[in-house]
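First up is the structure itself, then whatever we jot down about it.
The values are calculated or read from the model by the stated rules, or taken from the named source; none is laboratory data. Since we're looking at a predicted model, the values are computed, not measured. Cβ atoms come from the backbone with ideal geometry, glycine included; neighbour counts cover every protein chain shown.
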Amino acid sequence: MFTGIVTDKGQITRTTGTDPRRIVVTTRYSPETIELGASIAVDGICLTVVDKGPAASPHAAWFAADVSAETLARTTAQSWEAGRTVNLERALKIGDELGGHIVTGHVDATGQVRRVMPGENAYVVEIAAPRELAPLIAEKGSIAVDGVSLTVNAVRDEPEAVIFTVNLVPFTRRATTLGEIAPDRRVNLEIDPLARYIARWQELHRPTPK
């Protein structure tokens, strides 16, 4: 489980294989604190550490993780290459601050950035998501974009997509890869888990036509 509060920006240094695809990521996390088998969210995708070691400055360590064919098909991981900067978050521990919202690391779909509108204090970003996510995205609700916990500003439905906007404050732009966001970029989206459960409950309790 994660919170959507990014704690480091890492860099992919190598990718190999196809199913699974192994990625190697450098990070400022201390190598002594990275455990084999631990979960780390990479651009919002929960991945398991399968190898690790020390790295050259400015990074402290590297870790390797395997990405399954299912994850590759559903997320932006299919386009990851060496040199890409990624958001990193370590799994939540008992006693840690829940600063964002509950994030599982199980990406629902990818979205496409339509517009980035600079403002006086924040950037407003407009993202198009698959239409099937429309019932699960609500104004003032939470959504994870590339692993970053954000609040939905506004939502509108289109025939083929659901469009929503989020604000990126200066700190978020500095601390995450969303500072580099631009139109047409694809991003990983994870819906607030609570919305999923409510939608499922409503589906099961929908009146049966007589």
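Just a few scattered comments:
- The set of residues in the stretch 182-210 that are of a type in the set (D, E, K, R) and over 25 Å from the mean Cα position of the chain (by Cα) comprises 203, 206, 210.
- When residues of the stretch 54-74 are limited to those that are polar (S, T, N, Q) and at pLDDT 95 or above, the one nearest to residue 37 (Cα to Cα): 68
- All positions within the stretch 5-43 that are in a strand (DSSP E or B) and more than 25 Å from residue 144 (Cβ to Cβ): 14, 16
- Taking every residue in the stretch 160-178 that is assigned by TED's automatic domain parsing to the domain that holds residue 44 and loosely packed, with under 15 Cβ neighbours inside 10 Å and pairing it with any residue that is basic (Lys, Arg) and in a strand (DSSP E or B), at least 6 positions away or on another chain, yields no pair with a Cβ-Cβ distance below 8 Å.
- Residue check for residue 77: at negative phi, touching a strand residue (DSSP E or B) at 6+ places or on another chain (Cβ under 7 Å) and among the small types (Gly, Ala, Ser): yes
- Elements of type strands (runs of 3 or more DSSP E) in the stretch 46-125, at least 1 residues being of a type in the set (Lys, Arg): 85-90, 109-118
- Considering 148, 152, the condition of being β-branched (Val, Ile, Thr), in the same structural domain as residue 178 (by TED's automatic domain parsing) and in contact (Cβ under 8 Å) with a residue 24 or more places away in the chain is satisfied by 148 alone.
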